[in-house]
Amino acid sequence: MGEQLIAVCSYELGPGVPTVPEALLAPPQPSELQRRIEEKLPRPLRRLAQSRVLDPRRSRPAAAANAVDRLPDAVDDIGTRLMHGKNMEGGWQSFAGHFVISHANARGSATGGLLAVTDRSWLALADVSPLWQSTPVMRQAWQAPRQAVAAVRANPTGALQKRRMDIEFTDGSWVALLAPAAGHAAAFAAESARYR
């Protein structure tokens, strides 16, 4: 017997959710265009491109350049956290941390995706279509058993986060997400709680 869909809601990560460190991200899969270009390169250049020497996880000079490039983002993150407050509790090994890492590894839509709850599990889907494609291509980015989520609460915070909902996990961690509208957050929280 198949799973029964209980509720679904579009979401984006709340402002101030920390940026995942590069070391925790899976290496990006080369695009079809990148693969075709690499196939046409002379063998020595192809080997260099495939060695991923420019990958910050494998090269100290590339890692240093990446750290300098990310410095303005770190300053923006601090300002966002000061303005919006805390939007995640728990380290990268927690359920909330795994959710945020999975979201970042989807490498699709920078803003969000779809959050769904079934009678058996929680799922997050990400739009992984290229920017120039108008039809979304959804891919599962995260999945957890139903028992991993303790509660979903519509948690409007101030004037700037009326669409906020907090996903609280059984390990005590939580992450703030934003629904498309305040009413969507409340409806999703109510629907997901009805089948506990």
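Okay, here's what the table says:
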| quantity | calculated |
| --- | --- |
| Amide H partners (placed H, <5 Å) of I6, local residues excluded | V117, T118, D119 |
| 5 angstrom amide H check on A141, placed H, neighbours 5+ away | A124, L125, A126 |
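Each value in this text was obtained by applying a stated rule to the coordinates, not by laboratory testing. Just so you know, these numbers come straight off a predicted model, no measurement behind them.
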